[in-house]
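Below is one structure; the comments refer to it alone.
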Amino acid sequence: MSEAAVSIQSEAAELIGKAKRKRRIQNTVKGLLFLLPSIILFSVFLFYPMIRTVYLSFFLTNTSGMPTVFVGFDNFINIFTSPLFQDSLKTTFLFVLYTVPGTILVSLFLAVLANEKLRGIGLFRTIFSSTMGISVAAASVFWMFLFHPTMGWLNQFLSVFGVEAIGWLTDPKWALFSVALSTIWMNIGFTFLILLGGLQSIDSYLYESADIDGAGYFYKLRRITVPMLSPTLFFVVTVTLINAFQTFGQVDMLTRGGPQNETSVIVYSIYRDAFVNYQYGTASAQAVVLFILILLLTLLQFKWGERKVHYQ
Amino acid sequence: MSMPLSQKLFLYVLLTVAAILVFAPALLALLMSFMPSEQILTGTIIPDSLTLDHYRKAFERFPLMSYLLNSLIVSLLITAGQLLLSSLAAYAFVFLEFKGRDTLFFLFIATMMIPFEASIIPNFQTIRDLNFLNTYTGLSLPFFAMAFGTFLLRQNFKQIPKELKEASEIAGIGDLKFYLTVVLPVAKTSLVTLGVYGFLSAWNMYLWPLLATTDDSVRTVQIGLKQLQSQEQLNEWGVIMAGGIIVVLPTLILLFLGQKKLQKGLTEGALK
């Protein structure tokens, strides 16, 4: 009897095992089917192009972008010895330096302000987040007029104080700053919205107990708000940084890289080399540099951020 | 929590000044689009008469109507594609357990580190070689797969109790049916959030439409605005601003309607 029981048991175990295996295979097939559309598109439009870009960066190409002659690292040597590309890198870093802290500080200020529980605060929140709905093209057109040397508001405003007119977009000393200024404005909406969301998710109990202890406004800001907001800040800094490295539209609309290439950030430089000068090889080499830059930054941020950020 | 009146007043003053500064560029454009040209040239700020001339001219000289339609079609395609692909992928990551799932999930994370701008050259060649230049497909297909959307929906799907899935399995409900009849309706809010975000980003796209369109047939309104700007530089600021206002109106309306949801949804997606 016990033998029969054992055999039944083992049979059952085998059946269950079979069913489990069958289910596992089924699940794998199903899982892949659900993921297949995304995987295919990522492969075609993200992974393959990345590999292809690296490949092209080692070649000379014809005008339609087909590789013709293998040149090893020549493209990289060329771009790194070209003063144009060196300037472009410098411009890009300077642009990042202007826009990232600027965006974060302004947005944080607005978010802290708009987090107060006041009547009609919804209207202010809507206005502060509005630039998120304004495209790069439209924003550039708006700012183009503000920057206009004679009619523009900025110079008119300065003239009230007797300050001489500034060639915002035409003076090589000012052009990058001006593009950065308009970019900060474009960034505010999204960054504000995320930071406000982060502020609202802070437990109000923390503030109440600080109030009981008689803590002042700035003490609470420094000791509660900023530490509790650090994951959000961390996210926002990463996004703004990566976006800054990918800036293109406002440069194309406002200055076309000029005056004297002062605003030719890296993506604009890639665009011009590839699609205006048909130098796909050197353009690809620049794209590889951009890719490595963003990769390094992301990794660095994750490593650095993990230690510094205060998670709840 | 009550605040002294003086502090309240101070906050309102700060808020108002900030709001005026933030809104000024858009407000200026709006004013100028209705302002007669002579007044723009003389630097008037508050116009004494209003005109629709600039809007009429913008529509007459440029195929703005068809640009708007193109933008609408492309943005809707991208939004729909993103919602479909992200929700399918998120479903697999939450409800289907199989070997290699974590590896695939890592692959999705890795896509966030590849900037689209760094891979435009081969992408342009792909679209060109597939004869997708100047088509809606070429403008929208590269953006259907979306890691951020997948993560956002994954967070949301995780809140659906596992017991529900187990019960449905016992009842013999397949995965596709469970996805369609249970998961999607439950996650409606997140889907709307993602949809609004996807539509905003798609409508505002600049570099890709610039490369993927070479004639007017499917050109989007953003590139139309670039044309308008580069051809109308001679003191026709009113027309340019009218064009700008037309471009931002749909997204601003969408943003105003969906701002609260967007804020909640994006914060969740960003932080969890």
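The values are calculated or read from the model by the stated rules, or taken from the named source; none is laboratory data. Please read all numbers here as calculations on a predicted model, not as lab measurements. When we count neighbours, we look across all protein chains shown, and the Cβ atoms used for this are built from the backbone with ideal geometry, even at glycine. Areas reflect the complete protein model, heavy atoms only, side chains present, ligands, DNA and RNA absent. Shrake-Rupley method; radii C 1.70, N 1.55, O 1.52, S 1.80 Å.
Brief remarks follow.
- The Rg/Rh ratio of chain B, with Rg taken over Cα atoms and Rh as the Kirkwood radius over Cα pairs, comes to 1.07.
- Area accessible to solvent at residue A:118, 1.4 Å probe radius, in Å²: 20
- Proximal charge balance of residue B:3 [Cβ under 10 Å; K/R count +1, D/E count -1]: +1
- Tensor-based shape of the stretch B:30-187 (alpha-carbon gyration tensor, a/c under 1.5 rounded, otherwise prolate or oblate): prolate
- Top positive-direction residue, dipole computed over the protein assembly as shown with Cβ charges, set B:16, B:180, A:19: A:19
- Amide hydrogen neighbours beyond the local backbone of residue A:59, cut-off 5 Å, H modeled: A:71
- Crossing angle, helix A:175-200 versus chain A [Cα axis fit, 0-90 degrees, rounded to tens]: 40
- Here's the picture: charge each Lys and Arg Cβ at +1 and each Asp and Glu Cβ at -1 in the protein assembly as shown, and of A:165, A:289, A:89 the one pushed furthest to the positive end of that dipole is A:289.
- Rounded to the nearest 500, the 222 nm mean residue ellipticity of chain B from helices alone is -23000 deg cm²/dmol, with -39,500 (n - 2.57) taken per DSSP H run of at least 4 residues.
- Annotation note: chymotrypsin sites (Phe, Trp or Tyr not before Pro) in the stretch A:211-312 located in DSSP loop regions with a Cβ neighbour count of at most 12 within 10 Å are A:311.
- Per-residue mean of foreign Cβ neighbours for A:193-203 is 4 (Cβ atoms of other chains, 10 Å radius).
- Shown for chain B are the DSSP H helices of 27 Å or more along their axis, judged by Cα atoms, with a mean Kyte-Doolittle hydropathy of at least 0.5: B:5-34, B:64-95, B:237-271.
- Euclidean distance between Cα centres, the stretch B:192-250 to the stretch A:157-172, Å: 29
- Neighbourhood net charge (14 Å Cβ-Cβ; Lys/Arg +1, Asp/Glu -1) for residue A:20: +3
- Measuring against 31 Å, Cα to Cα, the residue pairs B:162/B:264; A:18/B:188; B:177/B:261; A:303/B:226; A:220/B:261; A:22/B:264 contain A:18/B:188; A:303/B:226; A:22/B:264 as the ones spanning a longer distance.
- In order through the stretch A:214-230: 3J(HN,Hα) via Karplus (6.51 cos²θ - 1.76 cosθ + 1.60), integer Hz, x for Gly, Pro: x, 6, x, 4, 6, 4, 5, 4, 7, 8, 10, 4, 5, x, 5, 8, 4
- GNM top mover of A:241, A:290, A:36 - chain A, alpha-carbon springs below 10 Å: A:36
- Rough spin-label spacing in nm, given labels placed 7 Å along Cα→Cβ, for residue A:292 and residue A:48: 2.6
- Chain A: calculated mean residue ellipticity at 222 nm from DSSP helix runs of at least 4, using -39500 (n - 2.57): -23500 deg cm²/dmol
- Note on residue A:119 and residue B:166: their simple-model spin labels are 5.3 nm apart, each label 7 Å out from Cα toward Cβ.
- Normalised Debye scattering of the stretch B:1-51 at q = 0.18, 0.22, 0.30, 0.32 Å⁻¹ gives log10 I(q)/I(0) of -0.65, -0.78, -1.04, -1.10, counting only Cα atoms as equal scatterers and leaving out solvent.
- In straight-distance terms, cross-link reach from residue B:165 covers every one of the aspartates and glutamates whose alpha-carbon lies under 18 Å from its own, apart from those fewer than eight places away in the same chain; here that gives B:97, B:175.
- Rounded to 10°, Cα long-axis angle of helix A:280-308 versus longest principal axis of chain A: 70
- When only alpha carbons are used to place a centre, the stretch A:52-104 and the stretch B:55-77 end up 35 Å from one another.
- Calculated on the Cα set of chain A, radius of gyration then Dmax: 27.5, 108 Å.
- Rounded to 10°, Cα long-axis angle of helix A:136-146 versus longest principal axis of chain A: 20
- Reachable aspartates and glutamates from residue B:57, criterion Cα separation under 12 angstrom, eight or more residues apart if same chain: B:232, B:236
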